[in-house]
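The structure under discussion appears below in the form of structure tokens.
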């Protein structure tokens with residue numbers, strides 16, 4: 001089975017917020033986040049997928065998700081790149 005580690009972004013009062021997760025169905029998971037059925041942190045916001053990476057092993061995907069969650073430098077770099085391309 002294939003797993004994805006993803007980074008989603010939302011804008012809330014002139015501030016961007018990000019969320020990192022993993023899933024085996026990225027389209028369904030993004031739909032759940034955008035319909036307030038995802039993680040508690042993501043409820044009530046409109047999220048955009050800005051980054052994902054594919055893995056063939058669930059354990060590796062979970063480890064990479066943890067690394068990305070803790071690596072704020074990389075998360076901010078990905079956020080800044082996305083924001084720059086949107087403007």
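Values quoted throughout were computed directly from the atomic coordinates according to the rules given, and no laboratory measurement underlies them. This one's a predicted model, so the numbers in the text were calculated from it and none came from an experiment. Every residue, glycine among them, receives a Cβ derived from its backbone with ideal geometry; neighbour counts consider all protein chains shown.
Of 51, 66, how do they rank once you tally other Cβ atoms within 10 Å and put the fewest first?
66, 51
In whole Å, what three semi-axes, largest first, describe the equivalent ellipsoid of segment 47-87 built from its Cα gyration tensor (square root of 5 times each eigenvalue)?
Result for segment 47-87: semi-axes of 23, 12, 7 Å.
Given just the C-alpha atoms of segment 3-86, how large is their convex hull per residue in cubic angstrom?
92
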